[in-house]
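A.B. asks: Below you'll find the structure I mean.
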Amino acid sequence: MSKPQRGAVLILLGLIIGVQFFRILSFPKSAEPLSWDASLKVQKELDTTRSKNALAFTQNHLVNPNFLTDYKAYTLGIPPEAFDRLKAYRSQNKFVNSADAFQKITQISDSLLAVLHPQFQYYKKESPKKRERTPKKKLDVNSAEAQDFDQVYGIGTVLSQRIIKYRSYLSGFASLDQFYEVYGLDSLVVQRLMDRFEIRTPPRIAKKSLKTVSLEELINIPYLNEEEARKIIGYRSQNEVINMKILSELFVNSPNKHKRLKLYLY
């Protein structure tokens, strides 16, 4: 070969050697092969991770069979006639709350139920908890003090003292509807009083005989004024017989008066 040819061959050989040397330096060293035990450990960790991910995916994508759509039922492989039965059941505002109930309603096979069951999350209707309310113990209206009445909404110091005074005038409440007779108490307040109080101690009323009661004693009886007391005495002096029935005739225009007078007379 001529001198130029020899020079070209040397240049070519230098390029080839340089390329090979560059590849050796730049190519990463291969990792050492894992031992058998190490390989098993790595595979086990991978399998555990996959299982956790699969479980999380399943739990986050559970289906409530009570709210299946036509498309979802189709993708789950539920036959149309089975899904129609489920829709008819749900149209009655009823809920499926177990795998057995779902199969009973849809009439699907055991094999299909086994496939669907892990994908379902059933509706559980919780019964509302009933609050156990302890009823407040009612107070005795005939032994209650003014501050007890003052606790009732709508009653202040003035009305509570007025109730005490009227109770004294009556010699004690014989009926809770006598609250209506206290000046200034409206029906709503009276209802609150009836909810808060009861009659445990009977009124201290000394009944008097209609045959022997004096005019002064009649005048001092609640529900009677002097004119009405004289009317009773006048009837008694003109008639040999007088009884409580006569009072309903004397006060025919005030039927409630007869009921009240029976508390004080006999």
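Rule-based calculations on the coordinates, nothing more; no lab input. These figures come from a predicted structure and were not determined experimentally. Neighbour counts run over all protein chains shown; Cβ positions are idealised from the backbone, glycine included.
A.B. asks: Determine the shape class of the range 139-198: with a ≥ b ≥ c the square roots of the Cα gyration tensor eigenvalues, call it rounded for a/c under 1.5, and otherwise prolate if a/b is greater than b/c, oblate otherwise.
C.D. replies: Verdict is rounded for the range 139-198.
A.B. asks: Expressed as cubic angstrom per residue, what is the convex hull volume of the alpha carbon set of the range 58-119?
C.D. replies: Value for the range 58-119: 81 Å³ per residue.
A.B. asks: If each residue of separation counts as 0.36 nm, what is the full-extension length gain between Gln147 and Leu62 once their alpha-carbon separation is subtracted?
C.D. replies: 24.4 nm
A.B. asks: Going 7 Å from the Cα of Ile233 in the Cα-to-Cβ direction, what parts of the range 248-264 have a backbone nitrogen less than 20 Å from that spot?
C.D. replies: 248, 250-251, 261-262, 264
A.B. asks: Can I ask one more? Mind checking the full-extension length gain between Asp84 and Ile11? Use 0.36 nm per residue of separation minus the Cα-Cα distance, one decimal, nm.
C.D. replies: Computed gain between Asp84 and Ile11 is 17.8 nm.
A.B. asks: What pairs in Lys137/Lys257; Lys231/Lys262; Lys208/Lys245; Lys231/Lys257; Lys165/Lys231 have C-alpha atoms more than 25 Å from each other?
C.D. replies: In this structure, Lys137/Lys257; Lys165/Lys231 exceed 25 Å between Cα atoms.
A.B. asks: Here's another thing I want to ask about it. So for the pair Thr212, Asn256, with labels modelled 7 Å out along Cα→Cβ, what separation do we get in nm?
C.D. replies: For Thr212 paired with Asn256, the spin-label model returns 3.3 nm.
A.B. asks: Once you have the alpha carbon radius of gyration of the range 214-256, what is it after dividing by 2.2 N^0.38 Å, with N set to its residue count?
C.D. replies: Normalised by 2.2 N^0.38 Å, the Cα Rg of the range 214-256 equals 1.09.
A.B. asks: Among Ile205, Ile242, Ile108, which comes first, second and so on when ranked by fewest other beta-carbon atoms within 10 Å?
C.D. replies: Ile205, Ile242, Ile108
A.B. asks: I need the Kirkwood Rh of the range 83-239: take the reciprocal of the average 1/r across all distinct C-alpha pairs and report it in angstrom.
C.D. replies: 22.1 Å
A.B. asks: Within 10 Å of each residue's Cβ, count the other Cβ atoms and sort Phe95, Phe67, Phe173 from fewest upward.
C.D. replies: With the sparsest Cβ surroundings first, the list reads Phe67, Phe95, Phe173.
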